[in-house]
1. A:Glu95 is checked against (1) open to solvent by 10 Å² or more (accessible area, probe 1.4 Å); (2) modelled with pLDDT of 95 or more; (3) within 8 Å of chain B (Cβ to nearest Cβ) and fails just one. What number does that condition carry?
2. Say whether the condition of being open to solvent by less than 10 Å² (accessible area, probe 1.4 Å), within 14 Å of chain A (Cβ to nearest Cβ) and not hydroxyl-bearing (Ser, Thr, Tyr) is met by at least one residue in segment B:190-213.
3. Would you please list the contacts, defined by Cβ atoms under 6 Å and residues six or more apart or on different chains, that run from a residue in segment B:93-122 that is farther than 19 Å from B:Gln56 by Cβ to a residue that is at pLDDT below 85?
4. What's the total number of residues in segment A:149-171 that are in a strand (DSSP E or B) and either away from ligand 2 (no atom under 16 Å from the Cβ) or within 11 Å of another protein chain (Cβ to nearest Cβ) (or both)?
5. Has segment B:118-130 got at least one residue that is among the polar types (S, T, N, Q), within 19 Å of the chain's Cα centre (by Cα) and modelled with pLDDT of 80 or more?
6. What's the number of the only condition in (1) under 11 Å from A:Met163 (Cβ atoms); (2) among the hydrophobic types (A, V, I, L, M, F, W, C); (3) within 11 Å of ligand 2 (Cβ to nearest atom) that A:Val31 fails to meet?
7. Give the residues of segment B:169-184 that are more than 7 Å from chain A (Cβ to nearest Cβ) and crowded, with 24+ Cβ neighbours inside 10 Å, sorted by residue number.
8. Of the residues B:Ile242, B:Ile221, B:Ile247, which single one is assigned to a helix (DSSP H, G or I), closer than 19 Å to B:Ala144 by Cα, in contact with a Leu (Cβ under 9 Å, 6 or more places away or on another chain) and open to solvent by less than 10 Å² (accessible area, probe 1.4 Å)?
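The values are calculated or read from the model by the stated rules, or taken from the named source; none is laboratory data. As the structure is a prediction and not an experimental result, all values here were calculated from the model. Every residue, glycine among them, receives a Cβ derived from its backbone with ideal geometry; neighbour counts consider all protein chains shown. Surface accessibility is based on the protein's heavy atoms, side chains included, excluding ligands, DNA and RNA. Shrake-Rupley method; radii C 1.70, N 1.55, O 1.52, S 1.80 Å.
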Amino acid sequence: MLALNNVEVIYNDVILVLKGMSLEVPQGKIVALLGSNGAGKSTTLKAISGLLKPEDGEVTDGEILFEGEKIHELEAANVVRRGIFQVMEGRRVFEHLDVEQNLIAGSYTRSDRQNVRQDIDVVYEYFPRLKERRRQTAGYLSGGEQQMLAIGRALMARPKLMMLDEPSLGLAPLLVREIFSIIRRINQEQGTTILLVEQNARIALDVADYAYIMENGRIVLTGEPAQLRDNADVREFYLGLNEVGTRKSYRDVKHYKRRKRWLS
Amino acid sequence: MDKFLQLTLTGLTNGAIFALVALGFVLIYKASDVINFAQGDFLLVGAYLTFGLISQVGLPWSVGMLIAIVVAVLLGIVVERLVLRPLIGEPIISVIMVTIGLSSLLRSVVIWIWGTMGAQFPSFLPSQPINVFGAVVPADRFIAIGLAAVLLVVFTLFFRYSREGIAMRATADDQQAALSMGISVQKIFAIAWSIAAVTAVLAGIIVANITELSFFAVSSIGLHVFPVVILGGLDSIPGAIIGGLIIGLLESYVGGYTPSALALRTVFPFIVLIIILMIKPYGLFGEERIERV
Ligand SMILES: Nc1ncnc2c1ncn2[C@@H]1O[C@H](COP(=O)(O)OP(=O)(O)OP(=O)(O)O)[C@@H](O)[C@H]1O
Ligand SMILES: [Mg+2]
């Protein structure tokens, strides 16, 4: 459905951030994109959704294909019209609008306006808490409620592909689990394909069908969640697990070596 | 009592005109956080252009007015294309500086074509006196109040319920997030500027109808935009209307009850402006910044 082939992104004409990024998202699946801070995960999503321009970033090489067509030169509005919707990092709700107006903003590109009302109810079904707060100013919602609103707002566009940038950011573990189970439900019930960017590797690997790990602007490891969970590097760097009984000094050396291999 | 009523009516009608100009200002601010220093100058364009089309070209007033409105819409689109679009992603302050430039440009063009001399405006609005509880007010002054009232309702509904209105407020809140919704920020800016120009042009036509056409008088009304919006709140539609009416009334009373030699009337709005800035920096109805950690 979505394919990135050797994509290169440069900010401000000089800062090379994506260095030959390739990735594939098959229809109907949940694909996780993991990586540490500054790896280029958000940049990848923005390159897909056409949101690089306001930040003075540019796709300078490679191609981004959606349903077989090149999309990396489209305006953001046209990318949304094609069916790709990005839920940006940090929630980014419209603070001065109330909950329902935020949802209406999400439906901006819809041409079948008669169904918007009905879709608001669908969102309320997934997130009953939003319904209770429908007239409340979004800026005063709790962080978890704002994340629900950000996802609900994306649903309003009825996207084919929903891209979520760190939906677990700053939320309590229980709420993270709740939100991820809803993401799974959206994927199954609405048939929405999902590209999920996460720092929280554990939970991302739980819901994903397939995962990519990126470092320093390119993919370094891919596989099904089960494979990745067994991978020693992933266990150590992303799941925070150590092999029992390994001596510290030895581990540090290995750590360094693995790092080096990934970065080269 | 008679004098009081007369001053009140004059104040309200003047205030309604201030409110019309301020409405456009608020619209632009709401959509883009840009303080438009050229708002008052749209008034000049409206008044002089209509004068030119009707008195100098000889078109019927309805056609002249229609053309002026179309020009206002185009002006909004041109400003977006040539001025705002290249500045997307730049700090708001550069856009604000550009509106100062636009202000000088519009003024110079008006002076270049028509000069600063006064002229007799072809008053086409009905001006027969209307008697209100003993005070006499020409009919055209009431048109300003009617128009302000209608626009207040229309804009309020527009921002609360319509898709474009909500998109406009969303854009003001967070431009990049608005883009991610598929909202075309360019289109939103063009709409905001066009509507702002149209309301100001209409106000300009009404002003010229009520008084005679004078560069000084029309620009001084344009200057009222700042005290009005600072009083009402930069981003509040009802604030623009109420701010306009309050400034209009205060000015009228001050003018009527103090010796005219002191000319307090002219400085008064700016005294109000400074006081308001000290006690209520967001204005009477302004949106407060939402600070959450
Ligand atoms: N607008 C920008 N201008 C210049 N450099 C940028 C810009 N945005 C991001 N970068 C740089 O690009 C790199 C990747 O950033 P990106 O936001 O894509 O990382 P990320 O993987 O999403 O990280 P995080 O997990 O912290 O969100 C970083 O080094 C960052 O400093
Ligand atoms: Mg990020």
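1. A:Glu95 satisfies all of (1) open to solvent by 10 Å² or more (accessible area, probe 1.4 Å); (2) modelled with pLDDT of 95 or more; (3) within 8 Å of chain B (Cβ to nearest Cβ) except (2).
2. Checking segment B:190-213: not a single residue is open to solvent by less than 10 Å² (accessible area, probe 1.4 Å), within 14 Å of chain A (Cβ to nearest Cβ) and not hydroxyl-bearing (Ser, Thr, Tyr).
3. From segment B:93-122, the pairs are B:Ser94/B:Leu87; B:Val95/B:Leu87; B:Val98/B:Val83.
4. Step one: list which residues in segment A:149-171 are in a strand (DSSP E or B), which gives A:161-165.
Narrowing further to those that are either away from ligand 2 (no atom under 16 Å from the Cβ) or within 11 Å of another protein chain (Cβ to nearest Cβ) (or both): A:161-163, A:165.
Residues that pass the stated criteria total 4.
5. No: segment B:118-130 contains no residue that is among the polar types (S, T, N, Q), within 19 Å of the chain's Cα centre (by Cα) and modelled with pLDDT of 80 or more.
6. Of (1) under 11 Å from A:Met163 (Cβ atoms); (2) among the hydrophobic types (A, V, I, L, M, F, W, C); (3) within 11 Å of ligand 2 (Cβ to nearest atom), only one is false for A:Val31: (3).
7. Within segment B:169-184, B:Thr171, B:Ala178 meet the criteria.
8. On the way: B:Ile242 fails: open to solvent by less than 10 Å² (accessible area, probe 1.4 Å); B:Ile221 fails: open to solvent by less than 10 Å² (accessible area, probe 1.4 Å).
Among B:Ile242, B:Ile221, B:Ile247, only B:Ile247 is assigned to a helix (DSSP H, G or I), closer than 19 Å to B:Ala144 by Cα, in contact with a Leu (Cβ under 9 Å, 6 or more places away or on another chain) and open to solvent by less than 10 Å² (accessible area, probe 1.4 Å).
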